[in-house]
Amino acid sequence: MFRTILLPIDLSAENSWAKALPAALKLCEGNGCILHVTTVVPDFGMSIVGSYFEPGFEDKALHEVGEKLTAWVSAHIPDDIEVHPHVLHGRVYDLIIEAADRLNVDAIVMGSHTPGLSDYLLGPNAARVVRHAKQSVFVVRGE
């Protein structure tokens with residue numbers, strides 16, 4: 001049914017993928033699906049914030065996150081699944097949507113925590129992806 005799936009994860013938050021990963025793998029089962037796993041390194045927001053960090057900090061951070069994502073993929077994705085890791089840099093929900101379009105995925109599978117009051121007022125990343133993505137979005141509830 002789905003030939004390509006995007007699985008956005010937060011490497012520092014297991015609840016972002018603990019239940020979403022098995023769901024994505026189930027959708028990939030037995031059909032030669034390609035799994036794109038992505039993690040996003042947030043940008044500084046305002047340029048003045050970046051001035052407080054040493055030159056090359058973002059490049060170093062992106063490289064280190066890339067190594068961690070590669071290790072995560074090796075540890076969690078079965079060998080029979082074609083997987084492509086991607087490290088993105090910027091605003092989380094925008095980049096998930098852009099990656100889904102650029103990679104021409106059929107579906108996005110992402111974890112979400114149980115919403116609190118602030119989520120209803122502000123809108124978490126998962127809600128923004130659901131509202132704006134052209135693809136089917138499967139939101140898997142975490143804890």
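Taking the Cβ of each residue in Ser16, Ser136, Ser74, Ser112 as the centre, tally the other Cβ atoms inside 10 Å and list the residues starting with the fewest.
Ser74, Ser136, Ser112, Ser16
Straight-line reach only, C-alpha to C-alpha below 13 angstrom: list the aspartates and glutamates that Lys68 could link to, leaving out same-chain residues fewer than 8 apart.
Asp10
Any aspartates and glutamates with Cα under 17 Å of the Lys134 Cα? List them, leaving off those in the same chain fewer than 8 positions away.
Asp94, Glu98, Asp101, Asp106
Taking the Cβ of each residue in Ile97, Ile9 as the centre, tally the other Cβ atoms inside 10 Å and list the residues starting with the fewest.
Fewest to most other Cβ atoms nearby, the residues stand as Ile97, Ile9.
Fewest to most neighbouring Cβ within 10 Å: what's the order for Leu95, Leu62, Leu27?
The fewest-first ordering by Cβ neighbours comes to Leu62, Leu27, Leu95.
Each value in this text was obtained by applying a stated rule to the coordinates, not by laboratory testing. What you are looking at is a predicted structure, and each value in this text was computed from that prediction instead of being measured. All Cβ positions, glycine included, derive from the backbone under ideal geometry; neighbour counts span all protein chains shown.
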